[in-house]
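A quick write-up on the structure given underneath.
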Amino acid sequence: MYKNFEVIESSLEKIKEDIKNFYDPSKYHFITINAIDLGNGKVNIKWFFAKYEVMDKPIAFSVDATYEDTIPSIVDIIPSAWLSEAELADLFGLNIEGAKKGLFLEPDSPPAPLRRS
Amino acid sequence: MENKMIVPFGSQHITLLEPVRFIFETENEKIVNVDVDVGYVHRGIEKACQTKLNYKQVAYIIPRICGLCAMSHALAYITAVEKILEFDPPKKAKYLRVLVHELDRIHSHLFAMAHVAEAAGYENLVMHLFRDRELAMECLEILTGNRVQYDYGCIGGVNRDLTPEVEKILRKKLKKLEDRIHWFKDLYMNDYTLSLRWKGIGVISKEMAEKYNAAGPVARASGVRTDARAEFDALPYRDLGFEMIVYKDGDIYSRNLVRLDEIFVSLRIIWNILDGLPEGNYKEEVKGLPKGESVCRWEAPRGELFMHVRGDGKQILTRVRVKTPTFSNIPVLRELFVGANYADVPAIITSFDPCMSCTAR
Amino acid sequence: MLKMFIESLKNLFSEPATLPGIGTEAPKGYRGLIVFNKEKCIFCTKCELVCPVDAIKFIYPEDGSRNLEFNYNPFLCIYCGECVRACPKDGALIQTNIVPEPGTQEDNPNEKWFEIERRAQESKKKWQIALAKKRQEALKKAKKQPPSDKKGSKK
Amino acid sequence: MAWMLETIAILSPIIGGFIYGFERVVKARMQNRQGPPLLQPFYDFIKLVEKRAIQVHSFHSMMGLAFFFATWFTLAAFLCGPNILVGLFLHILALAFLIIGGFSVLSPYSVMGSLREIIHLMCVEPILILVAVGLFLVTGSWSVRDILSYSGLPILYLPLVFIAFVLIIPAILKKSPFDISEAHQEIIGGPEIEYSGFFYEAIYTAKWIEYVFVFAIVFLFTGVHWWLGLALSLLVFLFINALDNSTCRANFHQMIKFAWFVLLPLAALNIFVLALWRYVI
């Protein structure tokens, strides 16, 4: 299933702690957060990391959630994640703690365009 | 509001190539607070790639995200899909991909440098840089058939072979370009007004670059050793004399020098490819439907490009995610502005070489 | 600064690099306008299928025959050349190095193309019905005739 | 020669237009470009007449017109008047119209540009006054007519003043490295951003008159030798353009430092030495 990156399964409750234990700013490069709509109101969210300077597989934390869940924000661990979180909140309509909506979409555009319904 | 002045910068501004809006609160031309809005050009390309187009057509739509790094987008997507299909492209195709990608990087870097010069009000340098960028553009035009949208890579290899007559023209033009780049390097190193304007301005320390996960030339100018060409095994960069350019100062000046030196590295890689192009097919038939998930990290001219592709065994992919370099650099850009002088804002923004149509997609 | 100063003065007396009013010519191998050759086409509609932007549309005839009408929108085309590569017949679709003209208001490219798209969609449905009818008729005919004859005709 | 100065003053928008057009050609050629035709500024002028003018408010537009007429009047007063100091003070007044106009609108670029324009004034005017004083010390007269009939070469007595003046010309004409009040890339034209159509034209034309003003001052440095004056003007013109093409924009701290700590002492030293030589020894 996962062809060229490693996946660490986690859960919504644990994810923040997992990333906190894992992330070392001088060693790992935070890439982005991505969500995949699995259908039926379910969504898979992945946090991607890669090592600096070493040819190695990227690492992803994976969490399955639903659209109703509140997803913890990691801005206090990785300050640059606010943009990725804002994007997910806009394009998928996810409830992410403290994420600002309306950064990527205009007020008159359809809500959560990447969701399949 | 005692002494504060609110200065909107964008969404249309003369130094901005693409719409992004910053709202600065300034005090005596010193910035105390910033607000940013990036989504002016959201075109829903990801949505189109996931609903309407089949996975082979997406390879021609993805490069339309951005004109300047079209080749990076296309090749990153193609590599990601090839990883899902577990297909290894022929060696010659890989080399030709590197060739076009590096030419793309050269013209993009020259473009970025020209814009930094433009923001500093150095009109003559802009004209010279743009004129010499034309050489790289002509090379690409003759090699791929278009000046901006190359459509060179395809799933399975590349679309065109490098014919000997094209190679001859490439060599001639690149020789000329190399001389010009040496001239520019000399100019950049010795120009007094440039150093006055750029040295020590917009400094990103190594810690800051790591904290905010900057990417590409911006990070490398701050001393962070990161380059997706060395961190992801998509193309044979190791055989081609690739070298990571790292500067320590982290100001606008060193960002320019990183770009300038990377042009030299790119040129060296291109010479190596032209001298030692392997024999064989440049394209192979790929069969099967993508099933699985893969990622691709790609060093676009502006930094790390990230593709996340998931297919569920259908013609149409389930998810295509493009994380563009500017997307990574926006957070550090925002932090950098606080405390900067308003007069330096255009230079700082352009030295990041932002590409908003990439960011919003 | 001094270097550029000297360069500026030098440039003042040298030939400028830009020329007034002359456009550059497209080189050999430039991906330009796509030209359709009706004589050679076998109407497999592969080009229509692979086109990422739907710039090629076939209008189907009403009688269910294979005599399709080729429609091409140069303003929608992204000149990727995928249709030419997909074409199984050499010379039916050619990518020339002619630089396409920009569309003007007088051409009214949009409305014309929407009309073609609509017609293509409608005619395809009609054509499919007509084709199904034709096949049924052919099947009926084939049933009446002895099986050996049918095989011979297919060869 | 009798009506020469008056003719120049009256025709200054047209002369300035030609200078500006020529400058655009020279600038383009220095950048290895073909450049626009010589009459391009006039084509622009005609085009701008046809444009619809959008007024922010009437006072703002009036300040634009006032800037143009005041600049024109300044030049006339400078060339034909009895005292060049009057011309210089009127020059400040003319710029004041531009600054007030810039301040009168809410646009931050305009306000910021006006602030920077004041800094320009601060840097430029002291040097202009020192030029006037220097010319007076050499020729013994405040009038342009008398200076132009002075038989010696004032530039020989005022070399440092001349250098200081040439180096401050970019700040008067808003050229790189000292084009900070107009800085396209930062504040998009500064105080002139909110003008449009006919009113922008007033500002645009006033800029041409500034060219005549500046080169008239250069002309004064050669006294009666007007051939030398023409040659000197051309030389300064080329120098300014080459400088424009080989520098990037300084910020205003750097401009103030350069003008006050380098150019002003330079000019003052020249005048001090000259005054000592004239009056004490």
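The values are calculated or read from the model by the stated rules, or taken from the named source; none is laboratory data. What you are looking at is a predicted structure, and each value in this text was computed from that prediction instead of being measured. Quick reminder, even Gly has a Cβ in these numbers, built from the backbone with ideal geometry, and neighbours come from all protein chains shown. The area values use the complete protein model at the heavy-atom level, side chains included, leaving out ligands, DNA and RNA. Shrake-Rupley method; radii C 1.70, N 1.55, O 1.52, S 1.80 Å.
Below is a table of values for the structure above.
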quantity	calculated
Gaussian network model of chain C, Cα within-10 Å springs - most flexible of C:Ser14, C:Ser123, C:Ser65	C:Ser14
Relative contact order (percent, whole number), chain B, Cα cutoff 8 Å, 6+ residue spacing	26 percent
nm² value of the averaged projected area, convex hull over the Cα atoms of the protein assembly as shown	45.8 nm²
Degrees, to the nearest 10: A:82-91 long Cα axis against longest axis of chain A	40 degrees
Where labels lie 7 Å past Cα in the beta-carbon direction, separation of D:Glu6 and B:Lys248 in nm	7.2 nm
Solvent-accessible area buried by B and C, counting both chains, probe 1.4 angstrom, square angstrom	2100 Å²
Pairwise label distance in nanometres, C:Val53 with B:Ser195, each label 7 Å out on the Cα-Cβ vector	4.8 nm
Residues in region A:23-44 reached by a label modelled at B:Thr51 [backbone nitrogen below 19 Å; 7 Å Cα→Cβ]	A:35-44
Taking region B:297-361 and dividing mean pair separation by its residue count, relative contact order in percent (alpha carbons under 8 Å, at least six apart)	29 percent
Region B:166-188 residues near the modelled C:Ser14 label - backbone nitrogen below 18 Å, point 7 Å along Cα→Cβ	B:173-188
Around C:Phe58: net Lys/Arg minus Asp/Glu count, Cβ-Cβ under 14 Å	+3
At least 18 Å along the helix axis (C-alpha) and Kyte average at least 0.5, DSSP helices within chain D	D:4-30, D:58-80, D:84-103, D:108-139, D:159-173, D:197-220, D:226-245
Accessible surface, the protein assembly as shown, averaged per residue in Å² (probe 1.4 Å)	42 Å²
Rel. contact order, % - alpha carbon contacts under 8 angstrom, at least six apart, chain A	24 percent
Estimated FRET transfer efficiency when R0 is 51 angstrom, pair A:Ile77-B:Asp275 (beta carbons, to 0.05)	0.60
Net charge of neighbours whose Cβ lies under 15 Å from the Cβ of D:Ser104, counting Lys and Arg as +1 and Asp and Glu as -1	-3
FRET efficiency, 1/(1 + (r/R0)^6) with R0 45 Å, evaluated for B:Lys91 and B:Ile6 via beta carbons	0.20
Gaussian network model of chain A, springs between alpha carbon atoms under 10 Å - residue of A:Val54, A:Val63, A:Val43 with greatest fluctuation	A:Val54
Förster-model FRET efficiency, 51 Å R0, A:Lys14 and D:Met62, C-beta, rounded to 0.05	0.15
Chain A: calculated mean residue ellipticity at 222 nm from DSSP helix runs of at least 4, using -39500 (n - 2.57)	-4500 deg cm²/dmol
Proximal charge balance of D:Phe199 [Cβ under 13 Å; K/R count +1, D/E count -1]	-1
Cα→Cβ-extended label distance, 7 Å offset, between B:Arg225 and D:Phe261, nm	4.1 nm
CD proxy at 222 nm, helix term only [per DSSP H run n ≥ 4: -39500 (n - 2.57); per residue of chain C; nearest 500]	-13500 deg cm²/dmol
Calculated SAXS-style log₁₀ I(q)/I(0) at q = 0.10, 0.12, 0.18, 0.21 Å⁻¹ - chain C, Debye, Cα scatterers	-0.58, -0.73, -1.14, -1.35
5 angstrom amide H check on B:Gly157, placed H, neighbours 5+ away	B:Glu284
Region B:4-20 residues near the modelled B:Val32 label - backbone nitrogen below 20 Å, point 7 Å along Cα→Cβ	B:4-9
Under the span-like rule (Cα at least 15 Å along the axis, Kyte-Doolittle mean at least 0.5), DSSP H helices of chain B	B:70-85, B:252-275
Share, in percent, of DSSP beta bridges within chain A that are antiparallel, nearest 5	75 percent
Within a Gaussian network of chain D (alpha carbon springs, distance under 10 Å), most fluctuating of D:Tyr200, D:Tyr43, D:Tyr20	D:Tyr43
